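Below is one structure; the comments refer to it alone.
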Amino acid sequence: MANALFTIGRATGLRAQRLNYDGDSLSIVGHVLPSSDSAQAVLATRQQLRGLLDNPDEQVFPVTCSVDPTIDGYYRVRGASVDDTSVMLGSKGRFGVQLERLGTGYTNVVQECAGVALDRTNTLGIGAGIEGIWSIPSAALTDVLSDNADPVTRTTDTGAVIGRFFNQTIGNTALSFVCPPADHYDGSARIESKLGGSTYYEMVGRQVPLTPTNWRLTNGLLRIQNSATSGMLCDLYAYNGSSWSTTPFAIRFTARQDAVVDPGDKAFSNVAVLAVTVLRNSPEVCTVRLLVNFQTITGTNAARYANITQQVDISLRRGDCIATVNILPGVGWFSATLGDNAAAASTGLTGSIRNDTAVNGNRFVTGGTSGGGSTSLWTQTTSRSSARGLNFIGVEILGSSATGRNTAQEITNQWFTPFVERQRVVLA
Amino acid sequence: MIHEVLRSQGSFDLRLQPDTPKNIVTQVREFARIVITSAHLTGEDLGSSAVPTFARYTGVILEPGDGRISGEGELWWLGSDSHAGKAIVDPVVLSGVTLSSALATLLPAGSALLPGSIDNTGLSTITFTPQAMSQRAAVEQAIAMAGASFRVNPTSTIDAALASTLHVTTPRIVVTDDAASWGDVPKGVEASVVVASRNARQYATKVVVLAQSGDGERLPTGEQSGTPTYLNPYGSPAELHRLIDAPTVPTASAADVAQQVLDLATVRQVVKVTCRHSDIGRDLRPGDAIYIYKPDQGFVDTANQVSHKGITITPSIETVTGISWPATSQFGYYLVTNGGTIIDITSYIMFEDDSDVELIIGQGSSLRGDVLPFSGPLGGADAAALRFAESPAKTFTPALTGMAIGTGGSAYNQATYIYANGMLNVWGRVVFGTSGVTLPTGTIGVGPPPGFTFAPPLTAVLPAGICYMNAGGVNSPGTVRAESSSLMRILANNAAGTYLAAANVSSTVPGTWANGNSIEYSYSVPVS
């Protein structure tokens, strides 16, 4: 089959040499044609193939073939093997996969996002009645009706997604849809790594090599990655439908212990990221765990805290303009402050604050389940025994030109009414 | 494996390796104890009191031999299916005492288990006379009547307090089907299997406890109702009541007991969670609450928002009633011989490193609640309990007709009654005080104890007893006659004629009544 290129999951540029059909089973042996000859491109493809197996987040992968439409579909991966990198570097690397097709309706396999719709508990008076958002690729077909609100189409860097709204009364439920394999990853959340080079590649599964200077969490609308500014938690970029912003929002994270006798008042600032781990890597949501350390600690008994790690989890959903930042107890902080390092003038909303001046046309938004903020920094305070921060960072894409469900208050509301979901394939 | 069960003795079953030296094997004897510590204590001072303080578990060996170390938890010492511990045969009177006082009485020095940390906060006082029952039944009934829960510690002590005090109510563990996450708070534990089945056979909408007879009612009961949530075939609320026969439970405690049974009479959920955890006892004890997040199986509750691995999940809260955990290579194992010698047998235990932890969630299909020890001693001597559960004497203050004792001086108005088999027997005394007194001028009488009405068998008034009046210095016997359902009349005797005649009492009959005078009476009458 000359010039037949396959995609299997996120791996592309796979040229088949031999196909073997056996009912619903399909084995493919072929060569890897990476996007470039660089070592990183090859390593990325290798990681994307190896990640097909033992993957706790995805059990089913889309497969497409450039010349034979009868192959397109969703498959379970029974085996995946790749050759040694040095052989692959010469573009003669070989791969082999054993696949098993799913479903009986060709590519019309039903997927569902099973989950729970919540109203986040908060002290800011945001209550029930606000609709949550659920986003799937716009090429997908669904019977789920958008309640009381028109669906919103958002253009990501990998295709458009449509967000539908639902009342929180749906509770514990499953929302079903059918999606062509070629569009399965449109607008998906993903984790990317530069693998030691200069280009970011999509990674598959949780065994992903991430380092403090080499990690990125993105969904095609937001990019969250290691910060170019020292002492910052991360950088935040936004996609306005045609291009990415060039100037990021540098996210500052500081904490304080105040009015405490033992071990004494302290201020923590100047974050260094020590390690990055993948907690979840699925198309509907990706989560990374950052282990950070405060480089500047002032106050009583500061030396005791010099090497204490602080855990910050960042989670990003498909189709969202906001990312959840979950700050764990760590150094035992009483108040935690998160926001844009530029500390620009901002306007208070319900549950968040939003910068007044746009950067690259977009305005920064941040908020949390308690506390408040000004000048683009949001502070949560809590008692020592329950120190835990549930915040978000996000972008009002197109700033003051944002309309409908994309305005800063609307995306704040969408954060306060999440749909905690797990996407999976079910039989048709 | 070691099986721990809430409020029960549980069991354990360990094996020695085949090549264990003979001098160790021979020390594994009945009534020796196995103590398991969370880590192997090497070089520590292994005094007989030190090891249990580090212990995760202590059990008594009942089936030694052939390489087995098998037995039950230490609650076994107080009673089991086959023995009654230090049986309580003669009555032990506990009257309005706190739980700590009751347990100090029921578990005196020299008992197999001693009271540990007992917290009386929020508990009811106990009025209870255990008799002809096992030491264990007496202890468990006292704890249940106080409204408490209990736990046996590896140091051979019993802790008791309100369930919300004794056990963890805000879960420290969340069970999900995602990979474990020990850095999270609460700690994430990965469950490999969650098997859930429900059993509605035990469900009750109301529990009625038929309590100790003779406490002022013909058939004293205590009851508690739940809100029926199911309908019968005709669409009316289902009425599924449970009657508990508890002849040893005083009426005052019957409502508390009914509530305890009602709390157990739910639709039972047997959930077995199989998970990996290297030392579950460090994070979880039977009776503690845990979070379970498995939306597909209904383990979800939007009222609980928990941050877990970066997202907010909504697990349900469940109570762990049983924990089975493997004997792994990380623990220390010590044999405490019946004489108190500690022997380190860690090297000789056959470890179960590949086994999982199993949690029993919720009420379980056959819980101890089905055999709550309220019918008396273990071992089925219920008839004996009934014999002893006849009414003790009780005091009351009768209503007085035609007289009032006032205050001051020796003013007194009390009576004692015993009720048995439909007959009421009363003895009473009235002494007039010095101010506010109403001396007899005509018909005088006393009323029945609370909850009773006089029911003489024929419609005519009937004699019921005798009395002895001191009126103005004259000591005069008289008669007591049941005249209505609420009046037992006191009459004098007139000796004026040839034959004794009954006479109405007046201000001068049988003598001139004055402050300080008295009337003593007794009567026996059927009641309803």
Sort A:ARG318, A:ARG120 so that the residue with the fewest other Cβ atoms within 10 Å of its own Cβ comes first and the one with the most comes last. A:ARG120, A:ARG318
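Using r as the Cβ-Cβ distance of B:SER355 and A:ILE308, and R0 as 41 Å, what FRET efficiency do you calculate, to the nearest 0.05?
FRET efficiency, B:SER355 to A:ILE308: 0.70.
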Per the Cα gyration tensor, segment B:111-152 corresponds to an equivalent ellipsoid with semi-axes, largest first in Å, of 17, 15, 8
Using alpha-carbon positions, the gyration tensor of chain B gives root eigenvalues a ≥ b ≥ c; with a/c under 1.5 called rounded, otherwise prolate if a/b exceeds b/c, else oblate, the class is prolate
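Over all pairs of distinct alpha carbons, what does the Kirkwood formula give as the hydrodynamic radius of segment A:171-219, in Å? Please list the in-between numbers first.
Details: mean 1/r = 0.0770 Å⁻¹.
By the Kirkwood definition, the hydrodynamic radius is 13.0 Å.
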Using alpha carbons only, how many degrees (0 to 90, rounded to 10) separate the axis of helix B:251-264 from the longest principal axis of chain B? 30
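Rounded to a whole number of µm²/s, how large is the Stokes-Einstein D of segment B:152-196 at 4 °C and 1.567 mPa s, given Rh as the Kirkwood radius over C-alpha pairs? Please list the in-between numbers first.
Details: Rh = 13.0 Å.
Value of D from the Cα-based Kirkwood radius: 100 µm²/s.
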Just to check, using Stokes-Einstein with a Kirkwood Rh over alpha carbon pairs, what's the diffusion coefficient of segment A:239-387 at 37 °C and 0.692 mPa s in µm²/s? 198
Expected output is a single nm value to one decimal: the length gained when fully extending between B:ARG282 and B:THR443, i.e. 0.36 nm times separation in residues minus the C-alpha distance. What is it? 50.5 nm
Name the most mobile residue of A:LEU175, A:LEU233, A:LEU338, meaning the one with the largest mean-square fluctuation, in a Gaussian network model of chain A with Cα contacts below 10 Å. A:LEU175
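Given a Förster distance of 51 Å, report the FRET efficiency between A:ASN108 and A:SER400 from their Cβ-Cβ distance, rounded to the nearest 0.05. All intermediate terms of the calculation are to be shown ahead of the outcome.
Working: r = 42 Å, r/R0 = 0.83.
Using R0 = 51 Å, I get an efficiency of 0.75.
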Let me understand segment A:1-84 better: what is its radius of gyration from the alpha carbons, and its Dmax, in angstrom? 12.4, 38
Give the Cα extents of segment B:436-528 along the principal axes, in whole Å, largest first. 39, 37, 18
In Å and from the alpha-carbon atoms only, list the Rg and Dmax of segment A:225-324. 16.2, 54
How many percent of the alpha carbon pairs in segment B:186-307 exceed a separation of 22 Å? 56
By per-residue mean of other Cβ atoms within 10 Å, what is the highest-first order of A:50-63, B:432-445, B:224-237? A:50-63, B:432-445, B:224-237
19 Å reach of a label modelled at B:SER435, 7 Å along Cα-to-Cβ, counting backbone N of segment B:500-526: B:514-517
Just the Cα atoms of segment A:110-207: what Rg and Dmax do they give in Å? 16.3, 48
Here the Kirkwood hydrodynamic radius of segment A:153-291, Cα-based and in Å, equals 17.4
Would you mind checking segment B:2-17 for residues with the amide N under 16 Å from a putative spin-label position 7 Å along Cα→C-beta of B:THR165? none
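Per residue and in cubic angstrom, what volume does the convex hull of the Cα atoms of the protein assembly as shown have? The partial results should precede the final answer.
On the way: hull volume 252.5 nm³, N = 956.
Once divided by residue count, the hull of the protein assembly as shown is 264 Å³.
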Under a crude label model (7 Å from the Cα following the beta-carbon direction), how far is B:THR341 from B:SER485 in nanometres? 7.6
One point scatterer per Cα, no solvent, Debye formula: log10 I(q)/I(0) for segment B:390-477 at q = 0.12 Å⁻¹ comes out as -0.43
Report, by chain and number, residues whose modeled amide H sits under 5 Å from the one on A:VAL204, excluding near sequence neighbours (fewer than 5 apart, same chain). none
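With Kirkwood's inverse mean 1/r over C-alpha pairs for Rh, give me the Rg to Rh ratio of chain A, two decimals please.
On the way: Rg = 22.6 Å, Rh = 22.6 Å.
Ratio of gyration radius to Kirkwood radius for chain A: 1.00.
Give me a single rounded figure for B:301-310: the average over its residues of other chain Cβ atoms within 10 Å of their Cβ. Before the final figure, lay out each step's value.
Working: counts 2, 9, 1, 1, 10, 1, 9, 4, 7, 18.
Per residue, the average neighbour count from other chains is 6.
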Long-range Cα-Cα pairs in segment B:1-136 (distance over 21 Å), rounded percent: 55
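Rule-based calculations on the coordinates, nothing more; no lab input. Quantities reported herein were computed from a predicted structural model and do not represent experimental measurements. Neighbour counts are summed over all protein chains in view; Cβ atoms, including those assigned to glycine, are modelled from backbone coordinates with ideal geometry.
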